[in-house]
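J.: This is the structure I have questions about; it appears just below.
The values are calculated or read from the model by the stated rules, or taken from the named source; none is laboratory data. Everything numeric here is computed off the predicted structure, so don't read it as measured data. Reconstructed Cβ throughout: ideal geometry from the backbone, glycine too, with neighbour counts over all protein chains shown. Side chains are part of the model used for accessible areas, which takes the heavy atoms of the whole protein and leaves out ligands, DNA and RNA. Shrake-Rupley method; radii C 1.70, N 1.55, O 1.52, S 1.80 Å.
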Amino acid sequence: MTLSEGITELSVVGYVPLKDRGFALPCFASGPRPNTWYTAVCSVDGDHGGSIVGFETFESEDICELPTDLQVRASVGDRWLDVFLWDGAIFVGLAEAVWNSVSSLHDTIAEAAPLTLLDLALVADRENAWKLVDVAFEFISARFGEEKASTWRRDTLVRQQALILLRQIAVDAGMAAEEVSDLNQIEINETDAGQFSIGLPDWATSTFEKEGCIERAEAGLVELGETLQVKIDHELHQYKEIDISEEEVTEDQSVAESPSGQDEGNILIVVAGKRAKEIARHISAPEWVPDWGGGEGLTDYAVRRLGGNRIGFEDAGARPVIDIVEEESFPDLFVRYEVVVYLVDDAVLFGGKMSSVIFPLAQHRSDDGNYVVLLAPSLPVEGPSRALNLDDKLLFRRIYHFHTTVDTSIARSPFWSGNPRRSLDRRVADIVVGAAMLCLRPSPIAEELSSKDLMDQNSIFSFAVSQSLHRNSRGGSGFGEMALASESVWAEPDYTATYRRAFAHIEFRGRTLHRRSMGEVFGVAEISQRGPDFQSFAYALVERMLSGVRIATTFEVSAEVIPPDIFDYLDCPEFCLGVKLGPHCPYGLLVTAEAPSLDLLRVAGLNNWVVARYTDNETIQEILLGERNIEVPLLPRELKLPEVCRLSANRGLATRGIDPRDVVRLGREEFERWRNESGDADLVGCARRYKTSLRDEADTSSLSEQDVVLPLAEVFNEIDKGNSAAKELLSFLPDRKGRLSRGSKRPSDLRVAWSVPSRSTERYIIDDGVLPVSIGELEPDEVPAQRFFIIEGDVSVPVLFTSRIFSVWARSTLSRSTSWMSRFSVRGTFETFPIPDLFDLRRSVEGPTQLFLGQQGHVKKVLLSIQGRGGFSFIRDGDNAYINEYIDEVILDGIGLKIDSSDVEILQRLLEMNHLRAK
Amino acid sequence: MNRGTHSPGINRRRGTVPDRQLRKRAQPTGVSEALPLVHITPVGVANEIVKSRKIEARHCKVFGVNLVYFFVMRPAYRMRNGEKKSHQINRFPFVFVADASAVEAPYHVYPFDTGGAVNGVFDELADPYVCLEDYELEPNYSAVAGQIGWAFGSVATYFDGEVRKDILQEVPRHETVTRSFVDITRLARSGSNQPDKRASAIEVASRHDVNLKGNIRLAILPKQYLEDPSSNNVDFMERLKEEDIEWKVYNWQPNTTPDEFQDEIAQIARAWFKENGFL
């Protein structure tokens, strides 16, 4: 791209059509009938909401000149101008102006050119763009098949929009033009139909972190997902890429080699299966290296993904590599790798046909004693891995070819010693890389694994690292207690490694390589005999939790015989522990390694047992504490739910509160001072009180002390008009570093928050992730913080959303993560919730979807009479208990249940309703 | 490098014998001789091609005969001249990917874009005393494989335009043609200030028209071709189907730079080559 220097203002004088309908290439010139034509360069490629950053000369024989009345002046810094053609008419202007000009043609264009209309809507009417995503998908499916439509959605829509978003952020952060351009190295994976994850090269992640943009990028991706009605993983993962271009080709450059041989330090990870691929996305360069006392060792690893759309280079220079390759493109080049890890799904490993890579790997293992070949089972989300646990003949035949099997299930152990904020998949990825690093020579672990004694053993390899060293319970200098224990390997701390059937027990130290912190790590590794002991593991877990809540003296934990018919509903019956919590406890507790199904919960309930997965801390604690009257059957937090569908009628019902980056926030005193000194009537009219907490609900004095917010886009509009009072507001922005972004991050949320509800409706807010549901009313001059969801309607909003059925639904669909607080989501919680027929959803053209009492006379009368009798309280406390119970009874009756129905029955019914409505 | 005062572009031989040093360097080890060919043209021309069901050989001013140009695998643009202007092809590219058998007997094979060379695109780096004809490879696919094997080591690195780092190790100083070629290839490397993938894209020219049916495997076109069924798009897509041409789309936007289009098209092509076992 060669910008024409010195040219800062031109006019759109012509265009080149791509087709006779849709966007055309705007052509600029100094005036009519020019000698030289230019095209404009946009701040972000493909962003119709971007700005013009320069002009470049352009030659074409196909330029059509615009009528003079359509020619528009444009300067560097102005918003991008579009030329749009439709059936002989020409529209020129900002995307929003074009959108409005063709408003009468929307339906026609959507029918003929939905992809083009979607491009416009993504800037001009982002809130409703999802409708066009559906239309476009169906359009392509109908003409070219669903596969082509899916490819379009992944590669053309989601990828491009994610790229635009990341580039907008990069431009705002003042990143260099080359870096902005190189963001096209992002990786996009469709992990499931309509579910995507975005990967950034490691240099981009570092730069985003340095500029403080990661959170904005992740929040933006969530918003993008909502806009496009697809699920985008909010967590950006990173991959490392070699920048071979840094190395100049020079005459005297010698061939780059690794320090002592081609294969030294190189690691190959072969990935097989869907789940394994999900985990492989998170693999990055090691954050620590073991120190075996032999000098510095290799530290600067290059991670290369040799599958998918990317290819690696034959030579990574002097750096050792971690190459990741999918099984189907398994290369015949593993002789270059010192350690090979086979990261594999159970379904692949135990499939009818033996994987074609196993024999080459086995050959590799036996070719040379210096190579180590590891099996790393990808960890199923909802239950134990068969590859880690069973000891049957088939398993033996499949794993015989590996030196050992890595215990990846430590990733979800409550005794995990690594970074607690890591997600489960990242933890497994860390284990895979860590295990490989521990097997690089001169590691004693590699020696042990290659020894004749161990060659034919069906062993399992566990390790744990931490940045602090704990004393074990015997007072020894050992590693943290239970750090090696998992659902698959029992490592009771009070017994010696020998007792635990360990072939080798090695303690080690290492160095961290993390960019933020340098330091020492402590680790322990064991190679032990296969054979899980889940009962001992779970027993220790329950005991530990009891001692943690200091009620051990009042409860007696004892193993209990589990009623036989419960076993029929367990996928892994050998992975459970039955516990009787003292002689007077009326029910038994079944601790499982799998997420329980609704059928299991129901049958357990019939037998007077409650069930919780061992990772479901909250539920187990609730049971142990007797925090509430334990209901049998009990609905735990971790569940194996069938697929839940999003319901089109619910779209627009819940809206997130405002993104703080979209507003200017002032303290009340600051606002009053600004208003008195230089206040502008228009801007003051835009000001809203900022609601950040539900606690001030009953404290009216605090209303006058609330902070005030104004939309940043509105402030910029006023600045553009020369309003000096508006300019002063910029001094209240917390971060003025770099360039300010003029566009809104979440414009649709902003629009809803600033809109005025109609007279017949109220606006309510629900606190994110809080159960029992915490709800409050929003005053007309208030806008809520991002942690709230806005829902509009009549009294049915607090009635329904504080009801028991919503509480059960919200709890069961809550997104849970090892690294983030549990959260509700617009789509996962609200758009899937089947609203009972007692209530009406009304779509609104301009504002959000609203919830009203249905027209069924009896129910309406009941609810209105409650409201009339002193009003409905949002708080489900003792004083209101009878009202709340009555409401629950009415609602449950409305869905065919009774007040004494269990949570499990309620959930079962709601799931049925969800599926029925989705049809 | 002192280039003297002659007109832009690599010099041509006028009756003297070319010194074709690159031919002796060929090392085809392991590289397939059936790598796909890529032809890029503006969408307007592509419409005509699909309508006429063939890519027609057109008169070439450089060689004075009718030719159709392809690059081996690399979707690099070929502008009409060497000026740093944006042209129709940059703004509205359309890509055809053909089987190697589409050009059974190449008229010539060069290690870079001869059009760019003659128009002075490589002048900054090329040795002024080496003539265009000196760079010519054997006019067959063994020479293509040999050039890739020697200069790049693998098809993957050829696709990326990354020559072997040690390529000059065994090249004596007097082997000026080879050295000049290596200098030119720097333009195609990812770290170049003015990246130009044509600088090491192997050019295959055909003297004959290339029929679409049975020769063209893939078309990469703007996504706008998927829609607007009332226009001639339906007809166009039907024709692609009739010619057994698979297609992929890229995201055409009026405010996307040519560089960005080129990157996106390269990614699409790369994925297709991988799916089909060429990479």
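J.: I need the GluC sites (Glu not before Pro) found in the range A:24-101, filtered to DSSP loop residues with at most 11 other beta carbons within 10 Å of theirs.
T.: Those satisfying the criteria are A:GLU61.
J.: Determine how large the accessible area of A:TRP130 is when every protein chain is in place; take a 1.4 Å probe and give Å² rounded to the nearest 10.
T.: Looks like 40 Å² after rounding.
J.: Using a 10 Å cut-off around each Cβ of peptide B:153-165, what is the average number of partner chain Cβ atoms that fall inside?
T.: Mean partner shielding for this stretch: 4.
J.: In addition: Quick check: from the Cα gyration tensor, does the range B:222-279 come out rounded (a/c under 1.5), prolate or oblate?
T.: Numbers: a/c = 3.72, a/b = 1.18, b/c = 3.17.
Judged from the Cα gyration tensor, the range B:222-279 comes out oblate (a/c at least 1.5, b/c at or above a/b).
J.: Chains A and B: what accessible area do they bury, summed, in square angstrom to the nearest 100, with a 1.4 Å probe? Before the final figure, lay out the partial values.
T.: On the way: alone 41130 and 13560 Å², together 49180 Å².
Chains A and B together bury approximately 5500 Å².
J.: Okay, next question. Rank-order B:235-247, B:123-135 by packing density, defined as the average count of other C-beta atoms within 10 Å over each peptide's residues, highest first. All intermediate terms of the calculation are to be shown ahead of the outcome.
T.: Working: B:235-247: 15.2, B:123-135: 18.8.
Most protected by this proxy first, the peptides run B:123-135, B:235-247.
J.: Which of rounded, prolate or oblate describes the range B:42-148 when judged by the alpha-carbon gyration tensor and an a/c cut-off of 1.5? Mind dumping the intermediate values first?
T.: Numbers: a/c = 1.83, a/b = 1.18, b/c = 1.56.
Since a/c reaches 1.5 but b/c is at least a/b, the shape of the range B:42-148 is classed as oblate.
J.: Within 10 Å of each Cβ in A:22-29, how many Cβ atoms from other chains are there, averaged over the peptide?
T.: Working: counts 7, 5, 1, 9, 2, 1, 0, 0.
Mean shielding by partner chains, rounded to a whole number: 3.
J.: While we're here: Please give the net charge around A:ILE90, taking every other residue with its beta carbon less than 13 angstrom from that of A:ILE90, where Lys and Arg add +1 and Asp and Glu add -1.
T.: Details: positive: A:ARG21; negative: A:ASP20, A:GLU65, A:ASP69, A:ASP82, A:ASP87.
Combined, the nearby Lys, Arg, Asp and Glu give -4.
J.: Between the helical axis of B:233-242 and the dominant principal axis of chain B, each derived from Cα atoms, what acute angle in degrees is found, rounded to the nearest 10?
T.: Around 70 degrees separate the two axes.
J.: Can you work out ³J(HN,Hα) from phi for every residue in the range A:578-595, in order, using Karplus 6.51 cos²θ - 1.76 cosθ + 1.60 and θ = phi - 60°, giving whole Hz and x for Gly and Pro?
T.: Once θ is set to phi - 60°, the couplings for the range A:578-595 become x, 10, 10, 8, x, x, 9, 5, x, 9, x, 10, 9, 9, 10, 9, 10, 6 Hz.
J.: Would you compute, from DSSP H runs of 4+ residues alone, the mean residue ellipticity of chain B at 222 nm, taking -39500 (n - 2.57) per run and dividing by the full residue count, rounded to the nearest 500? Walk me through the numbers before you get to the answer.
T.: On the way: 9 runs with 79 residues, N = 279.
About -8000 deg cm²/dmol.
J.: Here's another thing I want to ask about it. For the range B:141-147, what does the Karplus curve 6.51 cos²θ - 1.76 cosθ + 1.60, with θ = phi - 60°, yield as ³J(HN,Hα) per residue in whole Hz, taken in order and with x for Gly and Pro?
T.: 7, 5, 5, 4, 4, x, 5
J.: Let me ask something else. For the range A:830-843, take each phi angle, set θ = phi - 60°, evaluate the Karplus expression 6.51 cos²θ - 1.76 cosθ + 1.60, and give the result in whole Hz per residue in order, putting x for glycine and proline.
T.: 8, 6, 9, 5, x, 6, x, 5, 5, 10, 10, 9, 10, 6
J.: Quick one: which of A:610-617, A:535-542, A:265-272, B:11-18 comes out on top by average Cβ neighbours within 10 Å, and what's the full order, highest first? Before the final figure, lay out each step's value.
T.: Details: A:610-617: 23.1, A:535-542: 20.5, A:265-272: 26.8, B:11-18: 10.4.
Packing order, densest peptide first, comes out as A:265-272, A:610-617, A:535-542, B:11-18.
J.: Which order do the peptides A:669-677, A:882-890 take when ranked by the mean count of other beta-carbon atoms within 10 Å per residue, highest first? Could the numbers behind the result be given before it?
T.: On the way: A:669-677: 14.4, A:882-890: 17.0.
Taking the mean over residues of other Cβ atoms within 10 Å, the ranking is A:882-890, A:669-677.
J.: In degrees, nearest 10, range 0 to 90: what is the angle between the Cα axis of helix B:176-185 and the longest Cα principal axis of chain B?
T.: 40 degrees
J.: Considering only DSSP states other than H, G, I, E and B, which trypsin sites (Lys or Arg not before Pro) in the range B:75-176 qualify as loop sites with at most 14 other Cβ atoms within 10 Å?
T.: Working: sites: B:ARG78, B:ARG80, B:LYS84, B:LYS85, B:ARG91, B:ARG164, B:LYS165, B:ARG173; in loops: B:ARG78, B:ARG80, B:LYS84, B:LYS85, B:ARG164, B:LYS165, B:ARG173.
Answer by residue number: B:ARG80, B:LYS84, B:ARG173.
J.: Specify whether the C-alpha gyration tensor of the range A:598-637 places it in the rounded, prolate or oblate class, a ≥ b ≥ c being the square roots of the eigenvalues: rounded for a/c under 1.5, otherwise prolate if a/b is larger than b/c and oblate if not.
T.: Working: a/c = 2.45, a/b = 1.38, b/c = 1.78.
Taking the square roots of the gyration eigenvalues as a ≥ b ≥ c, the range A:598-637 is oblate.
J.: For B:ASN232, what is the net charge nearby, where nearby means another residue's Cβ is under 15 Å from its Cβ and Lys, Arg count +1, Asp, Glu -1? Provide the component values of the computation, followed by the final result.
T.: Details: positive: A:LYS19, A:ARG21, A:ARG143, B:LYS51, B:ARG239, B:LYS241; negative: A:ASP20, A:ASP87, B:GLU48, B:GLU227, B:ASP228, B:ASP235, B:GLU238, B:GLU242.
Residues near B:ASN232 contribute -2 overall.
J.: Relative contact order, percent, of the range A:1-118 when contacts are C-alpha pairs under 8 Å separated by at least 6 residues?
T.: Working: 225 pairs, mean separation 31.3, N = 118.
RCO, the range A:1-118: 27 percent.
J.: In peptide B:243-253, how many Cβ atoms from other protein chains are near each Cβ within 10 Å, on average?
T.: Numbers: counts 0, 0, 0, 0, 2, 5, 7, 3, 13, 10, 13.
Average per residue, whole number: 5.
J.: For B:ARG20, what is the net charge nearby, where nearby means another residue's Cβ is under 12 Å from its Cβ and Lys, Arg count +1, Asp, Glu -1? Present the calculation step by step, with values, prior to reporting the outcome.
T.: Working: positive: B:ARG13, B:ARG23, B:LYS24, B:ARG25; negative: B:ASP19, B:GLU133, B:ASP134, B:GLU136, B:GLU138, B:GLU175.
That works out to -2.
J.: Filter the GluC sites (Glu not before Pro) in the range B:24-72 to those in DSSP coil with at most 12 other Cβ atoms within 10 Å of their Cβ, and list the result.
T.: Values: sites: B:GLU33, B:GLU48, B:GLU56; in loops: B:GLU33, B:GLU56.
Passing both the DSSP loop test and the Cβ count: no residue.
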